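Below you'll find the structure, written out as structure tokens, and then a few comments.
The values are calculated or read from the model by the stated rules, or taken from the named source; none is laboratory data. Since this is a predicted model, take the numbers as computed values, not measurements. All Cβ positions, glycine included, derive from the backbone under ideal geometry; neighbour counts span all protein chains shown.
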Amino acid sequence: MKSQKPTSLIEWLQIGANLFSLIVAVVALIISFNTEKRSAERFREQLSQSNEFAKANIRPLLSLGSSGFTGIKFVGLQNDGLGTAVITKINFIKNEKSVLNLADLFEFKTKVIWDNFYVFSNSNYFLRAGENVTLINLTIDSLKQQEYKDSETAQIMKDFDIQLNSIVIQIEYEDLLGNKQETIDVTF
């Protein structure tokens with residue numbers, strides 16, 4: 001069979017139109033693939049940002065605070081973050097002695113009854129956003145109710161400050177998804 005060569009102008013125009021249609025179709029495919037690729041990249045970026053926002057919205061932020069007032073001795077743990085903190089490990093350490101109750105590390109010349117203290121267990125402890133827990137609390141009013149004299153209460157409060165300065169508090173915690181947060185290691 002003999003190949004036919006276009007002889008007329010109309011045949012040349014039809015061939016040109018077919019080639020042009022083919023080129024337009026190829027360009028349209030390339031553009032649609034690029035558009036789809038960019039859309040997928042944008043979607044992945046938005047998903048990543050959403051994940052970061054979600055993590056930030058559940059991130060706990062623990063802080064320790066103490067009272068420096070003369071009549072109130074207080075140490076508290078506060079969750080200033082947006083999410084619940086899962087405390088996985090807490091230690092109160094003094095002279096290589098490690099306990100789960102801060103009150104156990106204080107030694108006074110006479111028996112002191114604390115206003116309040118918290119005893120942790122070896123299991124996880126959950127501290128909601130905005131929540132705080134009193135680790136230890138002692139007031140002059142309660143010491144007076146225990147029939148201590150003014151000079152004795154002043155000495156107990158002074159001893160409290162001195163002993164607190166030698167205590168280390170270590171806390172490891174996570175968010176609810178199990179993402180480990182920073183470890184708190186505080187000496188007052």
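Among the residues of the stretch 147-163, those identified as of a type outside the set (Gly, Ala, Ser) and out of contact with any helix residue (DSSP H, G or I) (no Cβ under 9 Å at 6 or more places or on another chain) are 147, 149, 155, 158, 159, 160, 161, 162.
Rundown of residues vs (1) exposed (fewer than 13 other Cβ atoms within 10 Å of the Cβ); (2) touching a Cys at 6+ places or on another chain (Cβ under 6 Å); (3) within 20 Å of residue 70 (Cβ to Cβ); (4) among the hydroxyl-bearing types (Ser, Thr, Tyr), yes/no style:
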{"residue": "109", "(1), (2), (3), (4)": "yes, no, yes, no"}
{"residue": "113", "(1), (2), (3), (4)": "yes, no, yes, no"}
{"residue": "118", "(1), (2), (3), (4)": "no, no, no, yes"}
{"residue": "136", "(1), (2), (3), (4)": "no, no, yes, no"}
{"residue": "139", "(1), (2), (3), (4)": "no, no, yes, yes"}
{"residue": "156", "(1), (2), (3), (4)": "no, no, yes, no"}
{"residue": "169", "(1), (2), (3), (4)": "no, no, no, no"}
{"residue": "177", "(1), (2), (3), (4)": "yes, no, no, no"}
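One residue is enough: does the stretch 6-13 have a residue meeting the conditions among the small types (Gly, Ala, Ser) and either modelled with pLDDT of 95 or more or surrounded by 10 or more Cβ atoms within 10 Å (Cβ to Cβ) (or both)? Within the stretch 6-13 (the criterion being among the small types (Gly, Ala, Ser) and either modelled with pLDDT of 95 or more or surrounded by 10 or more Cβ atoms within 10 Å (Cβ to Cβ) (or both)), the answer is no, since none of the residues qualifies. Annotation: of all residues in the stretch 32-90 being part of a helix (DSSP H, G or I) and acidic (Asp, Glu), the one that is nearest to residue 155 (Cα to Cα) is 52.
Quick one: count up the residues across the stretch 55-80 that are farther than 20 Å from residue 184 by Cα, modelled with pLDDT of 85 or more and either surrounded by fewer than 17 Cβ atoms within 10 Å (Cβ to Cβ) or outside the structural domain of residue 126 (by TED's automatic domain parsing) (or both). Selection size over the stretch 55-80: 2.
Conditions (1) of a type in the set (A, V, I, L, M); (2) touching a Lys or Arg at 6+ places or on another chain (Cβ under 6 Å); (3) without any contact (Cβ under 8 Å) to a residue 12 or more places away in the chain, marked per residue:
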{"site": "141", "(1), (2), (3)": "no, no, no"}
{"site": "144", "(1), (2), (3)": "no, no, yes"}
{"site": "174", "(1), (2), (3)": "no, yes, no"}
{"site": "186", "(1), (2), (3)": "yes, no, no"}
